[in-house]
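Below is one structure, written out as structure tokens; the observations come after it.
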Amino acid sequence: MPPTDGPARERVVQHVAGPLELQAGHGTGKTTLLLERYARLVKERLAWPYEVLLLTFTRRAALELRERLQILLDEDTDDLPILTLHAFARRLLASQPDRKQHTLTIYDPNQAFRVLRRAMADVRLPETVWPPAVVAGLLADAKEQGRGPEAFATAPDSPAQQALARVYDRYQALLAQARALDFADLVLEASRLLRTDAGLRAELQQRYRFLMVDEFQDTSLGQYALVRLMAEPGENLVVAASAAQSIYEWRHAHYPRLSAQFRADFPTAPLVYLQDNFRSTRQIVAAAGALFRPGQYPDVNLAARRGAGELIRDVRLPSEHDEAAFVAGEAQRLAQAGTPLNEIAVLFRTNRQTALLEHAFMCHGVPYVLPGRQRLYHRREVRDVLAYLALAAAGDEAALDQVINTPPRGLGPVALRQLRDGQGHLTWVRLVEALSDPDAIDLKLSAVQAIERFWDLAEKLRKTAGSLPAAELIDRVLEDTGYRAWLAEELDGPLRLSSIHELRREAEGYPDTARFLAAIQAQIEADLERPDDEGVTFLTIHAAKGLQFKVVFVVGLEEGLLPAAKAVDGAGEAGERRLAHVAFSRACDLLYLVSARSRELGGRRVYPRPSRYLGAIPKSAVARYPPNGTSSKGGPTA
């Protein structure tokens with residue numbers, strides 16, 4: 001039987017020697033416990049502050065850890081080694097003598113994707129047979145497992161495996177030529193460095209005498225290899241994990257394997273459990289725990305130390321439009337009743353679900369924030385399409401700078417600077433001058449030809465704008481400009497196209513492009529008047545892990561969405577169940593579980609069944625809401 005929380009918490013705080021594994025479910029205060037241990041080591045002078053290395057897995061979490069430790073220590077923590085695992089690896093690589101003469105360049109996913117496509121072309125691996133996005137995922141998986149090109153061809157008799165090994169090798173060579181790394185390289189290269197440089201490894205082990213890892217269940221075996229190298233020989237390693245919150249299997253974070261490897265490396269390490277939940281009401285703790293078989297995860301067998309609280313609200317609505325309207329209206333009602341907006345969160349399975357929610361919140365005048373992501377009308381791809389619409393419908397000169405070289409047409413910075421001729425923006429007059437007398441502007445022939453193509457395109461769009469509804473004009477823009485094909489070449493192209501699709505769906509209600517643009521502009525202006533950091537928080541469930549809110553709406557609780565259609569068979573469903581557990585357990589006081597009876601998915605209307613996870617909740621903990629039905633606007637009836 002695991003120890004009770006009181007002795008368990010004290011045991012962790014007092015622990016100063018040897019490895020230790022902490023198993024702690026949601027709301028049990030494991031992060032607080034690690035910080036209390038950090039503070040004790042410093043206050044009792046068992047270690048200098050910079051001798052304690054605390055690793056986590058998101059920049060947001062690292063920032064929060066610093067802020068909370070600053071309160072505990074009552075001193076500045078900006079320079080303390082509280083880092084994400086990737087930030088630590090980057091710092092380590094950048095500190096090496098052979099790197100100091102050159103900036104350590106980390107390619108973003110789209111930059112890396114373009115290099116990968118070049119590597120595929122170099123080894124003659126056709127994209128029609130191997131989609132680049134699939135190859136990118138396979139190589140990232142290999143790196144997460146700590147496998148370089150030399151170890152990748154594990155099936156010598158497999159032509160496919162050999163082809164991928166050649167791509168991998170060429171891809172890494174191209175990165176090396178550019179003195180660049182991709183994101184997954186950071187941990188892989190740092191591990192390789194420590195394995196091969198015993199002196200550096202010993203130096204770092206002496207520098208960081210105490211090592212702690214929060215959210216250990218998110219660690220891949222490749223990342224654990226780096227942690228393990230840092231922990232030798234003193235073995236003063238404390239890891240804190242929640243098996244039920246392991247939701248990154250797609251990044252090779254398989255906690256059962258990880259825990260087994262930790263036990264094999266440190267067979268005498270104590271295993272300490274925390275079993276008291278201080279965050280959520282009894283109803284929410286019961287619902288989150290009921291998603292699993294009894295005894296499946298020891299860290300969900302929690303005692304709720306708060307009251308029973310309100311029943312969980314099961315909300316079932318006709319469509320995704322009613323869902324968005326209901327959530328916006330209910331959030332508005334809660335805010336008017338006194339719940340701070342920043343204590344309300346809306347959680348969803350995929351980013352593609354945000355656009356309708358954004359539109360509904362703007363229509364209701366309810367502020368919202370999208371941490372790490374721009375709002376719909378501020379996203380580059382949406383602004384590009386709106387600029388093309390303004391260009392087509394009204395010849396708007398303000399749109400010229402936005403779209404004249406988007407997608408790229410061969411008009412680089414030098415040509416554009418010559419076209420502007422010291423003016424703040426491009427004008428139609430200047431383009432006419434460039435075409436009538438290019439020598440006077442000293443433009444290259446390729447730039448003049450690009451301007452001619454753009455002029456012809458703009459004329460074509462202007463001629464059709466008056467006869468097409470707004471939604472059809474968007475279709476014409478995507479095809480005639482090559483924008484759709486351009487995005488198809490980018491790794492994040494599908495997500496960016498989904499934002500444009502949501503814009504098009506809004507445009508379907510407007511036969512007139514000018515009226516549509518006026519309505520959008522009014523929304524943008526109202527949006528700009530609101531503070532960026534004040535509002536209801538929109539998050540994917542993955543991004544919400546580690547956070548908590550007084551009120552949580554989990555939307556899209558339907559078969560095919562949560563759980564996702566591709567994961568309903570086999571081991572994948574277990575991961576979706578843990579994802580639902582994370583979503584439910586973010587709520588402190590009130591939890592809404594929202595589903596729609598019909599929804600557009602993949603361009604077609606579907607009629608999904610309610611999620612199986614709704615049926616797992618104890619009947620005593622949940623009630624249909626609103627009790628008297630739903631208004632025509634999607635909000636609760638009076």
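Relative protection proxy for 243-251, 189-197, 261-269, from highest mean packing down: 243-251, 189-197, 261-269 (other beta-carbon atoms within 10 angstrom). Under the convention that each Lys and Arg Cβ holds +1 and each Asp and Glu Cβ holds -1, the size of the dipole of the stretch 108-182 around its Cα centre is about 240 debye. Taking a label point 7 Å from the Cα of Cys363 along the Cα→Cβ vector, which residues of the stretch 561-600 have an amide N closer than 17 Å to it? The answer is 596-600. Taking the longest Cα principal axis of the chain as reference, the axis of helix 380-394 is set at about 20 degrees. Between Lys619 and Thr32, the FRET efficiency estimated from the beta carbon spacing at R0 = 45 angstrom works out to 0.85. Give me the extension gain from Asp141 to Arg91: residue separation times 0.36 nm, minus the current Cα-Cα distance, reported in nm with one decimal. So the chain would gain 15.7 nm between Asp141 and Arg91.
The fewest-to-most ranking of Thr427, Thr31 by surrounding Cβ atoms within 10 Å reads Thr427, Thr31. For the chain, the longest principal axis of the C-alpha atoms and the axis of helix 109-122 are separated by about 80°. The number of Lys pairs in the chain with C-alpha atoms less than 25 Å apart, excluding pairs fewer than 8 positions apart on the same chain, is 10.
Extending 7 Å from Cα along the Cβ direction at Asp480 and again at Thr350 yields two label points whose distance is 3.1 nm. Report, in whole Å, the centroid distance computed from the Cα atoms of the stretch 381-396 and the stretch 106-184. Rounded to whole Å, the Cα centres lie 38 Å apart. Site pair Asp421 and Asp76 shows an inter-label distance of 5.2 nm when each label is modelled 7 Å from Cα along Cα→Cβ. Pairing the Cα long axis of helix 85-94 with the longest principal axis of the chain, what angle in degrees results, from 0 to 90 and rounded to the nearest 10? On a 0 to 90 degree scale, this one is about 80. Based on the inverse mean of 1/r over its pairs of different Cα atoms, what is the Kirkwood hydrodynamic radius of the stretch 108-182, in Å? One over the average 1/r among Cα pairs gives 12.3 Å for the stretch 108-182. Once the gyration tensor of the Cα atoms in the stretch 244-382 is diagonalised, the equivalent ellipsoid follows with semi-axes of 36, 22, 14 Å, ordered largest first. By other beta-carbon atoms within 10 Å, ranking Val429, Val477 with the fewest at the front produces Val429, Val477. Projecting the alpha carbon convex hull of the stretch 228-284 along each direction and taking the average yields 5.6 nm².
Once the chain from Ala303 to Ala121 is taken as fully extended at 0.36 nm per residue, the excess over their C-alpha distance is 59.8 nm. Around the Cα centre of the stretch 213-330, unit charges on the Cβ atoms of Lys, Arg, Asp and Glu (plus for the first two, minus for the last two) sum to a dipole of about 380 debye. Normalised by residue number, the volume inside the convex hull of the Cα atoms of the stretch 235-326 is 169 Å³ per residue. Sorted ascending by nearby beta carbons within 10 Å, beginning with the fewest, Leu35, Leu614, Leu557 become Leu614, Leu35, Leu557. Max-minus-min Cα coordinates of the chain on each principal axis give 82, 69, 56 Å, with the largest extent listed first. If one computes the Cα centroid of the stretch 315-359 and of the stretch 204-279, what distance in Å separates the two points? Taking the Cα centre of the stretch 204-279 as reference, the centre of the stretch 315-359 is 36 Å away. Farthest toward the dipole's positive end in the stretch 108-182, which of Asn110, Gln162, Pro149, given Cβ charges of +1 (Lys, Arg) and -1 (Asp, Glu) about the Cα centre? Of the candidates, Asn110 comes out farthest on the positive side. Shape class for the stretch 377-528: prolate, because the ratio a/c of the largest to smallest gyration tensor axis (alpha-carbon atoms, square roots of eigenvalues) is 1.5 or more and a/b beats b/c. Here the gap between Glu10 and His542, fully extended at 0.36 nm per residue and compared with their Cα-Cα distance, gives a gain of 188.4 nm.
Any read-out appearing in this document is the output of simple, stated calculations on the displayed coordinates, not a laboratory observation. Because the structure is a prediction, the values reported are computed rather than measured. Note: ideal-geometry Cβ built from the backbone for every residue, glycine included; neighbour counts use all protein chains shown.
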